[in-house]
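A short write-up of the structure that comes next.
The values are calculated or read from the model by the stated rules, or taken from the named source; none is laboratory data. Since the structure is predicted, the reported quantities are computational estimates derived from the model, not experimental observations. Every residue, glycine as well, gets a Cβ built from its backbone with ideal geometry; the counts of neighbours run over all protein chains shown. For accessibility, only protein heavy atoms count, side chains too; no ligands or nucleic acids. Shrake-Rupley method; radii C 1.70, N 1.55, O 1.52, S 1.80 Å.
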Amino acid sequence: PDVTTNLVFYGGGKGIGTFYWENNEGLKRAAEIFAAPSADAARELMEAAGVTHVVIYSWGGFEKEYLQLHADFLADGPASDSPFLMQLVRDQKIPRWLRPLAFQPPRELTAQGDVALIFEKVEEMTEGLAAARRFEYLLEMGLNAAALAMAPALARFEASEPAVAISRARALALSGNREDFRSLVNEITGAAARWEDLALEDRIRLSGVFAIAGMRDEAAAQLERAISELDESALGALTVDAIMHLFDLSRSLGTTLPNAEFAAAAKARLPNRLKERFDAL
């Protein structure tokens, strides 16, 4: 609750678990969500409360206290042996309507071993899309070995879902499997023209896949289309990794962002340790 209060005050967001006597109902709701007996029950509670994100911190934590708080207020039976909180943290059972978002705390916190788990509530993803999003999350967190271990899972779904095919191609490139990478890129090239509804972040990644394959014209075409779809709302939804790719590809392909103000807004979303790479933009 103390960290949530800081996020609300300094970050301008909203939170239900702030630690004030006036917010007794909010604390109860947060406790009820974490203590929910299943992911489906937690989703119903989150939707009723208007919750869009779940954030679990290793510092200033209150999650176990939330479970105890819920047990103290529980009047209709024993608490669950595997509440939603433990399913997420201990069992790593992430429902397909929660998307993990990569976040690396400042160095002074990571030096102490602190981490933050952030999940965004989204429309339920297919199994393939959920695998692709987890692969990209692991890459963004710098856990390349764990990401590459997902390659077999991605291979099961790549034929039916563009986002999965793109992530699979990135996995093949990272592993140095040139033959399979080139074969998949050839398939992607034939299918890409039909991918009208490709998510912006995936179109940026597709541009990167073509760039890795040495297909500069195709890479530039995808990047230009991605840039044409950029607005303030779309920019706000991009991950740090996608913004980094946007800048890197823009520089290497000679494609410019809409204007200097937009470039500055994109750069402002990067953590300080990464901004210095693009000071010249």
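Only residues that are open to solvent by less than 40 Å² (accessible area, probe 1.4 Å), part of a helix (DSSP H, G or I) and at pLDDT below 85: list them for the range 42-66, please.
Glu63, Tyr66
Can you tell me which residues in the range 15-34 are open to solvent by less than 100 Å² (accessible area, probe 1.4 Å) and over 24 Å from Leu88 (Cα atoms)?
Initial filter on the range 15-34 (open to solvent by less than 100 Å² (accessible area, probe 1.4 Å)): 15-18, 23-24, 26-34.
Residues satisfying the conditions are Asn23, Asn24.
Restricting attention to the range 201-228, which residues are farther than 22 Å from Leu174 by Cα and open to solvent by less than 70 Å² (accessible area, probe 1.4 Å)?
Once the filter is applied, which keeps residues that are farther than 22 Å from Leu174 by Cα and open to solvent by less than 70 Å² (accessible area, probe 1.4 Å), the range 201-228 yields Ala221, Ala226, Ile227.
Condition check: surrounded by fewer than 18 Cβ atoms within 10 Å (Cβ to Cβ) and in contact (Cβ under 8 Å) with a residue 12 or more places away in the chain. Does His70 satisfy that? Quick ask: steps written out before the conclusion?
Working: surrounded by fewer than 18 Cβ atoms within 10 Å (Cβ to Cβ): no; in contact (Cβ under 8 Å) with a residue 12 or more places away in the chain: yes.
Answer is no for this residue.
Would you mention how many residues in the range 111-128 are in a helix (DSSP H, G or I) and open to solvent by 40 Å² or more (accessible area, probe 1.4 Å)? Give the derivation first.
Restricting attention to the range 111-128, the residues satisfying the condition of being in a helix (DSSP H, G or I) are 127-128.
With open to solvent by 40 Å² or more (accessible area, probe 1.4 Å) added as a condition, the list becomes 127.
Within the range 111-128, residues that are in a helix (DSSP H, G or I) and open to solvent by 40 Å² or more (accessible area, probe 1.4 Å) number 1.
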